[in-house]
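First comes the structure, then the notes that go with it.
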Amino acid sequence: MDRTQTKRIYAGAVPIGEGAPVTVQSMCNTETSDAEATLNQIFLLEAAGCDIVRVAVPDMKSAAALGEICSKSPLPVVADIHFDYRLALEAVKAGVHKIRINPGNIGAPERIKAVAAACREKKIPIRIGINGGSLGKKILAKFGSPSAPAMAQSARENIELLNMFDFDDICLSLKSSDTRLTVDAYRLAADEFPYPLHLGVTEAGTSYNGVIRSAVGIGTLLCEGIGDTVRVSLTADPALEVRAGIAILKAAGLRRGGPEIISCPGCGRCSYDLIKTAEEVESRLSGLKRDITVAVMGCEVNGPGEAKSADYGCACGKLGGIVFRKGEIAARVPAEKLSDVLVEMIESETDRE
């Protein structure tokens with residue numbers, strides 16, 4: 001895939017932009033002032049596959065907890081700052097690896113200068129977060145309503161503010177809850193700005209609709225070569241955001257790692273509990289790091305035939321269940337044993353590699 005080339009920045013040791021692997025982010029929903037609870041969630045996010053984690057810093061009590069969080073976190077920590085520039089300065093002192101601000105709501109130029117100087121000294125990048133629902137009054141007056149050009153103009157003005165104070169280690173996001181508006185805004189940004197882009201559809205919704213909207217928006221951009229890091233924003237467990245982000249990257253051909261489960265929808269030819277078997281196989285193989293494709297198919301028509309390119313698979317026909325490897329039948333077993341035999345075969349052969 002031809003990806004848009006952007007400037008390289010680092011969140012801690014994690015590279016972003018300039019062709020680096022696209023990273024997956026999430027955000028803790030704990031109170032940041034509770035360092036123990038926040039760290040516990042960060043470890044769960046790491047286990048789910050998260051690359052970078054963000055925490056809200058709404059007050060000095062939260063800022064005071066950042067030192068412990070950053071020193072113990074297995075992931076680079078991004079501090080999410082609004083309005084009070086002093087919180088950004090405290091976050092820098094605490095050792096955060098990246099800051100997310102909107103310079104336009106930080107206040108006077110002297111305050112932006114102070115944040116830029118602190119981040120430049122510590123080599124901490126700043127993400128300028130543009131949100132279609134919170135554009136400035138002047139921009140709304142000029143453009144009439146939230147639009148892709150309006151969001152690009154907001155990004156442009158905020159970039160100029162940081163550049164004015166000799167700061168250029170910038171990441172951009174231009175999010176909206178409107179999927180099409182989000183896509184249009186990122187396309188404009190990719191054409192104009194050299195900075196890495198953090199993709200997301202903001203306020204995407206609950207686990208079902210939110211994943212779909214995010215997959216459409218983020219997936220469209222990724223398939224066009226746009227985007228350097230992603231967050232799937234869900235009203236759900238943050239670990240689900242991570243799993244969804246990884247799945248979107250895999251679907252876009254931008255990440256490998258672990259099994260890819262393919263399964264057919266089932267039809268009248270299916271003679272066993274396909275849904276249950278597929279869910280069991282997916283769950284039991286979820287921790288496997290081996291790059292393989294595993295097919296769970298409804299019948300022999302869709303078994304070794306249509307799924308012959310899969311590394312492993314199973315199906316069930318008139319003569320019972322079959323487990324296959326590289327399109328060749330490896331075992332015939334009762335339908336109720338399919339998931340057990342398939343998973344055990346994969347695990348045993350993984351151990352031998």
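The values are calculated or read from the model by the stated rules, or taken from the named source; none is laboratory data. Bear in mind that the values here come from a model prediction, so they are computed numbers and not experimental data. Cβ: placed from backbone, ideal geometry, glycine included. Neighbour counts: every protein chain shown. What goes into the accessible areas is simple: the full protein's heavy atoms, side chains included, and nothing from ligands, DNA or RNA. Shrake-Rupley method; radii C 1.70, N 1.55, O 1.52, S 1.80 Å.
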#### Entry: Tally, over region 97-142, of residues that are within 21 Å of the chain's Cα centre (by Cα) and not in a loop (DSSP other than H, G, I, E, B)
11
## Note on the structure
Residues of region 260-290 being part of a loop (DSSP other than H, G, I, E, B) and either more than 23 Å from G305 (Cβ to Cβ) or modelled with pLDDT of 90 or more (or both), in sequence order, are L285, S286, G287, L288, K289, R290
### Query
Got at least one residue in region 294-314 being over 29 Å from the mean Cα position of the chain (by Cα) and assigned to a strand (DSSP E or B)?
yes
### Summary
Residue count, region 316-333, condition open to solvent by 100 Å² or more (accessible area, probe 1.4 Å) and touching a residue at least 24 places away in the same chain (Cβ under 8 Å), comes to 2
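In this structure, is A108 without any contact (Cβ under 8 Å) to a residue 12 or more places away in the chain, farther than 21 Å from S26 by Cβ and either open to solvent by less than 70 Å² (accessible area, probe 1.4 Å) or among the hydroxyl-bearing types (S, T, Y) (or both)? Explain how you work it out, then say what you get.
Working: without any contact (Cβ under 8 Å) to a residue 12 or more places away in the chain: yes; farther than 21 Å from S26 by Cβ: yes; either open to solvent by less than 70 Å² (accessible area, probe 1.4 Å) or among the hydroxyl-bearing types (S, T, Y) (or both): yes.
Yes.
Inside region 241-261, can you point out the residues that are surrounded by fewer than 16 Cβ atoms within 10 Å (Cβ to Cβ) and not basic (K, R)?
A251, G253, G257
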#### Entry: Residue, most open to solvent (accessible area, probe 1.4 Å), within region 60-75, restricted to residues that are closer than 19 Å to A118 by Cβ and hydroxyl-bearing (S, T, Y)
S71
### Message
Given the criterion open to solvent by 30 Å² or more (accessible area, probe 1.4 Å), farther than 17 Å from V242 by Cα and charged (D, E, K, R), identify the matching residue among E46, E31.
### Response
E31
### Task
Look through region 291-315, keep the residues that are open to solvent by 40 Å² or more (accessible area, probe 1.4 Å) and charged (D, E, K, R), and return whichever of them is nearest to P259 (Cα to Cα).
D291
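When you scan region 172-189, do you find a residue that is farther than 18 Å from M27 by Cβ and of a type in the set (G, A, S), even just one?
yes
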### Summary
Flagged in region 130-172 as polar (S, T, N, Q) and either in contact with a strand residue (DSSP E or B) (Cβ under 8 Å, 6 or more places away or on another chain) or open to solvent by less than 60 Å² (accessible area, probe 1.4 Å) (or both), in numbering order, are N131, S145, S147, Q153, S154, N158
### Query
Any idea which of V78, V24, V57 is farther than 30 Å from R187 by Cβ and either in contact (Cβ under 8 Å) with a residue 60 or more places away in the chain or crowded, with 22+ Cβ neighbours inside 10 Å (or both)?
V57
